[in-house]
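To keep things clear, I will list the structure first and then write my remarks on it.
Nothing in this text is a laboratory measurement; each read-out follows from the coordinates by a stated rule. Because the structure is a prediction, the values reported are computed rather than measured. Heads up, the Cβs are rebuilt from the backbone with ideal geometry, glycines too, and the neighbour counts pull from every protein chain shown.
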Amino acid sequence: MQQLLEENGFNVRAAGTYRDALAIATEWLPDVLIADIQMPGKDGIELMKTMRQAYPNLKGIVVSGDTTEATSQRCHDAGFIACLTKPVKIEQIVEAIARMFS
């Protein structure tokens, strides 16, 4: 996904874990957080909650294979603006980002 986003003109930092994502955010604040719900350590929902405590205006996209209403609600409650179902196409992410900033 990182390479595809970069090919579409985005400046990307990738993290494989909750802890790595927080470390990156201390040096580089993203305009948009794209997270999978399933992450080693804490999940993407917890990552968004933590990030929004420090950066309340942070926008986010979550990707997940879990399409239940309860999971979708948890994502929105955490601050994610878009919830995309796996498998996700790059076009869906680009479109979601465009909607956030239009």
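For the reader, a short list of remarks on this structure follows.
- Inter-site label distance for residue 15 and residue 77 at 7 Å from Cα along Cβ, in nm: 2.3
- The chain, helix-only ellipticity at 222 nm - DSSP H runs n ≥ 4, -39,500 (n - 2.57), divided by all residues, nearest 500: -13500 deg cm²/dmol
- Cut-off 12 Å between beta-carbons: net charge of the residues surrounding residue 101, Lys and Arg +1, Asp and Glu -1: 0
- In order along the stretch 12-27, the phi-based Karplus estimate (6.51 cos²θ - 1.76 cosθ + 1.60, θ = phi - 60°) of 3J(HN,Hα) comes to 10, 10, 10, 9, x, 9, 4, 4, 4, 5, 5, 5, 4, 5, 6, 10 Hz; Gly and Pro are listed as x.
- The string of couplings for the stretch 78-89 from the Karplus curve (6.51, -1.76, 1.60, θ = phi - 60°) is 6, x, 5, 8, 10, 10, 10, 8, 5, x, 9, 8 Hz, one whole number per residue in order, with x for Gly and Pro.
- Residue ranges 12-20, 43-51 sort as 43-51, 12-20 when ordered by packing (mean number of other C-beta atoms within 10 Å per residue, highest first).
- Extension reserve of the residue 22-residue 6 stretch, reckoned as 0.36 nm per residue once the Cα distance is removed: 3.7 nm
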